Amino acid sequence: MTEGLMEEKMIFGNCNHLENFNLSADIMKCFKYFQENDLANKKAGSYEIDGRRIFVNIDEYTTQIQEERFWEAHRKYLDVHVLLKGEEQIDITFLHNMQQNPYDEEKDFLTLEGNKQGSIYLQEIGDFLVCYPQDVHRTAVKITEKTAVKKCIFKIAIA
């Protein structure tokens, strides 16, 4: 388990400027893996880095209008989203602002209902967003046009 993460807040940046952030050793391990592996050419799927404690999901999809997307949060893992291709809007808000649906413990997946407080735009390769358990996010939202996206989502166990 990664210590002290429950008090952390969402982090947005680009992998080319990691020196601007005070990131945990586990998050830095993810960025090192990103820099040392050609993830843009890996097939979609799940790849273990440190067993199931740290792993990466590589996803490919087409962005959609926000009404076609859903809000999500996680309790056991934090997410580190890193853009590999395309562009997307990620809508954000905090857990305390949302109505929670039943939690799926096996999938570590909580869907929620409510309104966004803001949006983050992943537009350049290496743009990233770190989401902690209180950081509710709605991914794969189109910015202007529906776009093909390839992204890696690192999962770091926190519980």
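Every number here is computed from the coordinates shown, using simple stated rules; none is lab data. These numbers were taken from a predicted model, which means no experiment stands behind them. When we count neighbours, we look across all protein chains shown, and the Cβ atoms used for this are built from the backbone with ideal geometry, even at glycine.
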Protection proxy ranking of 113-123, 79-89 - average other beta-carbon atoms within 10 Å, highest first = 79-89, 113-123
Work out the length of the dipole vector of the stretch 82-159 about its Cα centre, built from +1 on the beta-carbon of each Lys and Arg and -1 on the beta-carbon of each Asp and Glu, and round it to the nearest 20 debye.
-> 220
Hull shadow area, averaged, the stretch 90-136 [alpha-carbon convex hull, nm²] | 3.9
Toy charge model, Lys and Arg Cβ at +1, Asp and Glu Cβ at -1: the chain dipole around Cα centroid in debye, rounded to 20, equals 220
How long is the gain from S119 to L18 if the chain were fully straight, where each residue apart is worth 0.36 nm and the alpha carbon distance is subtracted?
-> 34.2 nm
So for the chain, what are the equivalent ellipsoid semi-axes in whole Å, largest first, each being the square root of 5 times an eigenvalue of the Cα gyration tensor?
-> 21, 20, 15
Taking every other residue with Cβ under 15 Å from the Cβ of Y103 and scoring Lys and Arg +1, Asp and Glu -1, one gets -3
Neighbours of C152 by Cβ distance under 9 Å: Lys/Arg at +1, Asp/Glu at -1, summed charge +2
